[in-house]
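The values are calculated or read from the model by the stated rules, or taken from the named source; none is laboratory data. Since we're looking at a predicted model, the values are computed, not measured. Methodologically, a virtual Cβ is constructed for each residue, glycine included, from the backbone with ideal geometry; neighbour enumeration extends over all protein chains shown. Heavy atoms of the whole protein, side chains included, go into the accessibility calculation; ligands, DNA and RNA do not. Shrake-Rupley method; radii C 1.70, N 1.55, O 1.52, S 1.80 Å.
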Amino acid sequence: MNPLNFLSTAKPQTKITKDCFYSLIQPIYGQTCWQIRLGYGQELCLEIGKKIPYHSPALSGEFKGEWQLGTRASDWAIYRKKYPATTNSDSLIKSSDHEKSIKQKITKISGQKIHKIEIVDFLYLFDFGLYNLMIPDQKTADDLPLWELFMPNNQILEVYPNFEFQLHS
């Protein structure tokens with residue numbers, strides 16, 4: 001027996017199917033996105049569902065979402081829903097736009113309910129009622145997920161290129 005195995009910090013990962021993916025995300029439908037902000041490297045960070053206070057004294061008075069959605073090593077775009085979502089001219093904002101412009105426009109998602117998350121052609125479509133957030137399924141130069149979802153049951157759903165999904169505790 002190797003005593004070093006007990007020191008391992010690796011978390012077990014479970015690869016899941018598309019059907020399991022849809023089953024896992026269904027409880028987020030109808031939840032409100034109450035905060036959206038821009039993180040490092042033009043990454044979107046969305047707080048969704050109940051507001052949960054942080055337990056750390058350093059974060060006293062701060063809240064996190066019951067669900068937390070974050071883009072990672074991916075491009076993204078937000079489109080007005082009333083137009084065909086595949087036309088670039090309908091874009092409200094893209095990850096490649098200037099940071100100041102992004103910060104001004106992403107607030108339109110705040111207060112919107114998430115109606116659905118679906119895989120359409122080669123992209124992930126997040127339906128927020130008046131707006132759609134789209135994340136293409138794209139190749140990345142590193143091993144980072146395209147996006148991740150922190151769920152209320154203390155699990156993290158990571159979404160990788162080629163529609164690969166992993167679930168962590």
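Residues satisfying the criterion are absent from segment 61-81 (criterion: out of contact with any strand residue (DSSP E or B) (no Cβ under 8 Å at 6 or more places or on another chain) and open to solvent by 90 Å² or more (accessible area, probe 1.4 Å)). Would you confirm whether or not segment 8-23 contains a residue that is modelled with pLDDT of 90 or more and open to solvent by less than 70 Å² (accessible area, probe 1.4 Å)? Yes, the conditions are met somewhere in segment 8-23. Each residue in segment 111-169 was checked for being crowded, with 18+ Cβ neighbours inside 10 Å and closer than 14 Å to Lys81 by Cβ, and 9 of them qualify.
Checking Ser96, Ser101 one by one, the residue that is more than 22 Å from Thr17 (Cβ to Cβ), free of Cβ contacts under 8 Å to residues at least 12 places away in the same chain and among the hydroxyl-bearing types (Ser, Thr, Tyr) is Ser101 and no other. Of all the residues in segment 14-35, those that are of a type in the set (A, V, I, L, M, F, W, C) and on the phi > 0 side of the Ramachandran plot number 0.
What's the number of the only condition in (1) within 16 Å of the chain's Cα centre (by Cα); (2) of a type in the set (Lys, Arg); (3) over 13 Å from Met151 (Cβ atoms) that Lys64 fails to meet? Lys64 satisfies every listed condition except (3).
Each residue in segment 30-60 was checked for being part of a helix (DSSP H, G or I) and either without any contact (Cβ under 8 Å) to a residue 12 or more places away in the chain or loosely packed, with under 11 Cβ neighbours inside 10 Å (or both), and 5 pass. Listed by first and then second residue, the pairs with beta-carbon distance under 9 Å, at least 6 apart or on different chains, first residue in segment 71-85 and of a type in the set (A, V, I, L, M, F, W, C) and at pLDDT 85 or above, second assigned to a loop (DSSP other than H, G, I, E, B) and open to solvent by 30 Å² or more (accessible area, probe 1.4 Å), are Trp76/Glu43; Ala77/Ser96. Contact map, segment 143-163: residues that are of a type in the set (Ser, Thr, Tyr) paired with residues that are buried (at least 20 other Cβ atoms within 10 Å of the Cβ) and at pLDDT below 95, Cβ distance under 7 Å, separation 6+ or inter-chain. Pairs shown: Tyr160/Pro145; Tyr160/Leu146.
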